[in-house]
Amino acid sequence: MRSCFPEIEQEIQEKVSSDAELSRKVTQIQEVKGLGLLTIVTVLCETNGFLLFSNIRQVVSYAGLDVKLSQSGHYQGRIRISKQGNTRIRGCLYMPALSAVRSNEPIRNLHLSHLREKSKYQNERHYCSHAKTVDIDICFMEKRRALRS
C-alpha cells in the first residue's frame, strides 16, 4: 500500500502541472507554511476551486469549522464546531493546522495569546487554527486575483 503513494503523488503532480489554472492556484496556496500538495489539491477539489463562494465565512461554514454555541438562559456550554460541513476538508486540514501552529507565526500568535485567554480546551484552539488556515488560503487567492485584475 505504501509503495503506491509516490506513484499517486506523481500522478497528482502531473495533473496539476497540465492544468494552468489549477497550477496557478496551487502555487499561490503553497506559500502558506504547513500546507502540502495533497492538502491543497484536496481542498481545491472539494470546494471546486472556491468558485461558488463569495466570502471566507461561507467556506469556513462549508468545511464545518464554524463555531456553535451551546447556551440557554444562564447556562453557558462549551464552544464547539458545527461539524455540519464537509468532513474531508476538516480531516485533511487537521494535521496542517497543527503544523501551522508550529511554523506559521500569525497562526501561532493567535493560538497562543488570544485563544488561550478565551478557551481552556485545546481542541477549540486547534479548530480555530483550522478555520484560520482556510482564511489564509482564501486571502492569498483573493490578493493574487486582485493584483492581476
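Couple of notes before you dig in:
- Scope region 1-39; condition out of contact with any Pro (no Cβ under 9 Å at 6 or more places or on another chain) and β-branched (Val, Ile, Thr); matching residues: Ile8, Ile12, Val16, Val26, Thr27, Ile29
- Where a residue in region 82-97 is within 13 Å of Asp66 (Cα to Cα) and its partner, wherever it lies, is of a type in the set (Asp, Glu) and in a loop (DSSP other than H, G, I, E, B), with Cβ under 7 Å and at least six apart: Ser82/Asp66
- Subset of region 1-26 (residues that are closer than 21 Å to Ser99 by Cα and aliphatic (A, V, I, L, M)): Val26
- Residue match in region 2-22 (condition: outside any loop (DSSP other than H, G, I, E, B) and within 18 Å of the chain's Cα centre (by Cα)): yes
- Within region 44-80, considering residues that are assigned to a helix (DSSP H, G or I) and β-branched (Val, Ile, Thr), the one surrounded by the fewest Cβ atoms within 10 Å (Cβ to Cβ): Ile56
- So Gly73, is it on the phi > 0 side of the Ramachandran plot and in contact with a Leu (Cβ under 9 Å, 6 or more places away or on another chain): no
- Answer residue from region 23-36, given it is in contact with a helix residue (DSSP H, G or I) (Cβ under 7 Å, 6 or more places away or on another chain) and assigned to a helix (DSSP H, G or I) and is surrounded by the fewest Cβ atoms within 10 Å (Cβ to Cβ) among those: Ser23
- Residue in region 27-40 that is more than 26 Å from Ser103 (Cβ to Cβ) and either among the acidic types (Asp, Glu) or at pLDDT 85 or above (or both) present: no
- Hits in region 81-113 - residues which are assigned to a strand (DSSP E or B) and within 13 Å of Val32 (Cβ to Cβ): none
The values are calculated or read from the model by the stated rules, or taken from the named source; none is laboratory data. In this text the structure is predicted, and so the values were computed from the model without any measurement. So basically every Cβ, Gly included, is an ideal-geometry build from the backbone, and we count neighbours across all protein chains shown.
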